[in-house]
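The values are calculated or read from the model by the stated rules, or taken from the named source; none is laboratory data. Just so it is clear, the structure is predicted and the values come from calculations on it, not from any experiment. Please note: Cβ atoms are built from the backbone with ideal geometry, for glycine as well, and neighbour counts cover all protein chains shown. Ligands, DNA and RNA are stripped out before the accessible areas are found, and what is left, the full protein with its side chains, is counted by its heavy atoms. Shrake-Rupley method; radii C 1.70, N 1.55, O 1.52, S 1.80 Å.
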Amino acid sequence: MAFLGLTFVQVVIPVLPGNVSTVVGVMLFGIGLGSFLNIVGIFIGSLTNFLLARKFGRGFASYFVKQETYDKYIGWVNKGKRFERFFWISMISPGFPDDFICLIAGLTKMTLKKFVFYFLLCKPITLFIYTLFPLYGMHVIYDVFQSF
C-alpha cells in the first residue's frame, strides 16, 4: 500500500520523475506485481488529476505547471477530435508531461469513459518501456563494464 501511495502522490504532486518510481516498483516487487502496482497507482493518480481539473477548472490545472507549458497544451482543448488523438498519442509516447495532460483532459469534453479507455489501452505500453529499458539497460551496461 505504501508503494501505491507513493506512485499516486508522484502523479498528483509531481516531486519525482515518474520513471524513477516505475523502476523501483519492478525492482522491489518483480516484473509482474511491480508493473501491476505501477499501472494501478499511476491510473488512480491520473484519474484524480482528470477529475480535479473537471471539478476546479483551468485555474487549478495551471497551478501545477509553468505558464509556458500550460499555454502550449491548453490550445488543444475542445478542438474536435484533435485532443482525443493527441491524448492517446501522448499516453503511448515517452516524453510527454502525462500528468499535466490528464489535467488538461479534465478540461475538455472528453468523457470519463473515453479517458479511462484511452489511458488503460495506451499507458501500460509506455510504462512497460519506461520500466524495462532502464532496468535491463543497467544490466547491459553492468555486463559491459564487467567484461573489461
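Points worth noting:
- The helix-only estimate of mean residue ellipticity at 222 nm for the chain, built from DSSP H runs of length n ≥ 4 each weighted as -39500 (n - 2.57), is -26500 deg cm²/dmol after division by the residue total.
- Per atom type, the chain shows carbon and sulfur on 72% of its accessible surface, probed at 1.4 Å.
- Pairs of Lys in segment 11-120 closer than 21 Å at Cα, counting only those 8 or more apart or on different chains: 13
- Extending 7 Å from the Cα toward the beta-carbon at both R85 and L132 defines two label points whose distance is 2.9 nm.
- Radius of gyration over Kirkwood radius for the chain, both on Cα atoms: the Rg/Rh ratio is 1.03.
- Unit charges on C-beta of K, R, D, E only; dipole of the chain, Debye: 820 debye
- Solvent-accessible area per residue, Å², over segment 1-59 with all protein chains present [probe radius 1.4 Å]: 52 Å²
- In a DSSP loop and with at most 14 other Cβ atoms within 10 Å, the chymotrypsin sites (Phe, Trp or Tyr not before Pro) in segment 23-98 are Y63.
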